[in-house]
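Quick note: the coordinates plus some simple rules give every number you see, no bench work behind them. Quantities reported herein were computed from a predicted structural model and do not represent experimental measurements. All Cβ positions, even for glycine, are placed from backbone atoms using ideal geometry, and neighbour counts span all protein chains on display.
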Amino acid sequence: MGKGRENQVEIMDEINIVRAVIEEGYQISPLAVELIKSSNSPDSLLKYVLSTVDDCVFVIEPEHIDLKGFEASRAVSEVASGSSSEIVSRMPSDSASSPALRPVDHEMARILNPLSNNLKETVLVSSVESEPASTLGVPDSNPETDSDILSSREPTLDFIANPVAKSVADPVPNSTNESGSSSFVTASTANSARGSLSSSVKSSLSSGGTERQASSFFGQAGSPSLSASNHVSRTNSLFSNPGNAFPSRPRNEGIRHLSGRNPVTVISDITGHSTCVGEYMQFVQYFRDRYSRLSEILRSRMNARPIESLKRRSFRRGSDGGNEELSIIGMVSDISSTNNGHKILSLEDPTGSFSVLIRNSDKELFELASRLLLDEVIGVTGSVTNDGNLMMATKILQPDVPNSVQRRTGSHGKAVLISDVHVGSSQFLEDAWLDFLDFLKGESDSEEMREVASQVRYLVVAGDLVDGIGIYPDQEMELDILDVYEQYRKAAEYFREVPEHIRVIISPGNHDAVRQAEPQPALPERICVDFPENVTFVGNPALVDLDGVRILIYHGRSIDDLVASVPGVSYQEPAGAVLEMLKRRHLAPTYGSRVSISPEKKDYFIIDPVPDIIHTGHVHTLGVQRYKNVLLVNSGTWQAQTEFQKRVNLMPVPARVPVVDLADFDVKILSFD
């Protein structure tokens, strides 16, 4: 490192260190910050720590900073650059006496002694994470695998995953009533995990503002006491920070490729990679991942600072006499209203929390704030009051899809998008379904339909292949097939009628025989074996590439939450709910509502990269919409209105099939009713 660069990094302060650590998905204790800051090369030491810290670590402590290893790596680097003559004298005899360290006090020296504190690591099987958007193209060199690799070839129906083994003992529970007790990840569990975001960083810093003590998304380091607020986060960042030189960790792509006439590449899928056992720190890890990745998207569009810096800053007046405008990025932990009708948001990042006021006089901004959801990640720009306790917002930014997103072209043929087949229900529209199978086989009476069928390459099913058992009250009264395995065998019989050249992709839904907690793995082997070889099973959600066209498949259970929470979103226009997901770049923004979410190491609900098509179902109504070159399709159903749907006033749109042209994304709706 040149001398000019060394002089530059000497001024690295606590905020820069904390921010760099946060952007890599970790927290850091004040003692560790002081240790790095006191080094004679803090920038290099920080980069070394971030490149070597174990994935199991949540909060970087002094014992995680390997000073001997750092000095050795510098020595090797200087030998390689021909500077070895200056090295021998600098090699440390122990970590506490290294010239890279200027201990603050004797207690810190004791902490740094490797003999007095040994790091006890818990080894977990890490989930496979996909590459960032810029590197998720489908390479020609991907290894080819058999179709069984793309299906769930291991039992996945138990709700508590073994963190070491990649399979579960019992592939299918005796009872398939998954709407109640089977979901182990509940709102109360998540609430108990919503501990202090940043106490480990803030404990030695001055406090101000309206932060909630011991309450946050990102976990409390070193304390078992938790308060019921909101949330948690991540250890691995999927993004390197373009604003600095801190290295990103190598990671497996997890991309699976199925070659052939109609190739399929599974880019992102939970199947085989779940490590969740429902422990508190896994919630921390989950929310850390969500914040890290979504905030990285926002940072590409705004210059934001850590929340903690607002509380330590002397705010200057702008040229117009008002306070200067600053920007922060945070997760929404609370939304409230004042007596005068203004809104107050509580935002959190891994350094602290802060209150933001949205005045009702700013109609456009207030309307946007009225549509915000708990747990979504947003950016806010505004000025801070003189007492440093409140930000007066002038702008709110959601991750959203960039205006410059390009539509992928060059493919050909058509993809048929369906969902909610509900085989086994007495309301299953078998006649319409058989007409649909005749269409796929090219046996329709209409010549136009036969022409369309000849171009079909893919059939994508977004969940609820069967009706299941015990999903809603008195369901058994409306079942023709009372055994869930018989339901799947009947479905397999139908799918054997689909021509072999059509590649079928099936994702599960809340009626299927997998865990209720999302993300859901693919259907288990016991069920998959009955289906023909042209059927590929993936999880829910799953991002797949169909010969150059990326389709994000999600059953859509979070639509229930969006209809209940976002003004103007309805079951009659389901694509509007999917649009709200896309603006937030997240399929299930609010944790702990109707959707039970398993706190995995990676947040599989983040919409990144931006797909060409988002295909959902669940609500049994049809909707098609386009937004910034992304096609949003909510397919209908093959089930008539049930008694339960009558009670909740849901009018289905059955036997309507969207057919997408993969060359220009034109959509035709075929009717089989």
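Give me D for the stretch 497-560 in µm² s⁻¹, whole number, from Stokes-Einstein with Rh from the Kirkwood sum over alpha-carbon pairs, 25 °C and 0.890 mPa s. Before the final figure, lay out the partial values.
Numbers: Rh = 12.8 Å.
After rounding, the answer is 192 µm²/s.
Remark on GLU376: its backbone amide H falls under 5 Å from those of VAL332, a criterion applied only to residues 5 or more positions apart or on other chains, H modelled at 1.01 Å from N.
Could you state the per residue volume, in Å³, of the convex hull enclosing the Cα atoms of the stretch 381-426?
Numbers: hull volume 9.1 nm³, N = 46.
It comes to 197 Å³ per residue, whole-number rounded.
For the pair ASP480 and VAL277, a Förster radius of 51 Å applied to the C-beta separation gives a FRET efficiency near 0.85, rounded to the nearest 0.05. Go through LYS343/LYS602; LYS395/LYS583; LYS47/LYS68; LYS414/LYS441; LYS343/LYS363; LYS490/LYS668 and tell me which ones have a Cα-Cα distance over 20 Å in this structure. Among LYS343/LYS602; LYS395/LYS583; LYS47/LYS68; LYS414/LYS441; LYS343/LYS363; LYS490/LYS668, the Cα-Cα distance tops 20 Å for LYS343/LYS602; LYS490/LYS668.
Using a Förster distance of 60 angstrom, determine the FRET efficiency expected from the C-beta separation of GLU367 and ALA72, and round it to 0.05.
Details: r = 58 Å, r/R0 = 0.96.
Once rounded, the FRET efficiency stands at 0.55.
Just in the stretch 514-614: which GluC sites (Glu not before Pro) are loop by DSSP and have at most 14 other Cβ atoms within 10 Å? Here the sparse-neighbourhood loop sites are GLU533.
Each label was represented as a point 7 Å from its Cα along the Cα-to-Cβ direction; for GLN572 and GLU448 these points are 2.8 nm apart. Listed values for the stretch 449-465 are Karplus-derived 3J(HN,Hα) couplings in whole Hz (6.51 cos²θ - 1.76 cosθ + 1.60, θ = phi - 60°), namely 5, 5, 5, 5, 4, 5, 9, 6, 10, 9, 10, 10, 10, 9, x, 6, 5, and x replaces Gly and Pro. Summary of the geometry: the stretch 552-581 and the stretch 502-521, compared by the centres of their Cα atoms, lie 19 Å apart.
In plain terms, the chain from ASN386 to ASP13 could stretch by 131.9 nm, reckoned as 0.36 nm per residue minus the Cα-Cα distance.
Annotation: amide H-H contacts under 5 Å for ALA655 (H modelled 1.01 Å from N, sequence separation of 5 or more, or interchain): THR637, TRP638, GLN639. Here the simple spin-label model places points 7 Å from the Cα toward Cβ, and for ARG301 and GLU497 these points are separated by 4.6 nm. Listed values for the stretch 62-67 are Karplus-derived 3J(HN,Hα) couplings in whole Hz (6.51 cos²θ - 1.76 cosθ + 1.60, θ = phi - 60°), namely x, 5, 8, 9, 8, 5, and x replaces Gly and Pro.
Residue-wise HN-Hα couplings along the stretch 427-433, as the Karplus relation 6.51 cos²θ - 1.76 cosθ + 1.60 with θ = phi - 60° gives them from phi, are 9, 5, 8, 5, 4, 5, 5 Hz; Gly and Pro carry x.
For the stretch 527-673, the orientation-averaged shadow of the C-alpha convex hull comes to 10.6 nm² (one quarter of the hull surface). Between LEU437 and ASN403, the modelled labels are 5.0 nm apart [label points 7 Å from Cα along Cα→Cβ].
For the stretch 319-477, take every pair of Cα atoms, bin their distances at 5 Å starting from 0, and report each bin as a whole percent. Values per bin, smallest distances first: 2, 7, 11, 12, 9, 7, 6, 8, 10, 10, 8, 6, 3, 2, 1, 0. In the calculated pair distance distribution of the stretch 440-509, what percentage of Cα-Cα distances lie above 13 Å? More than 13 Å apart: 71 percent of the Cα pairs in the stretch 440-509.
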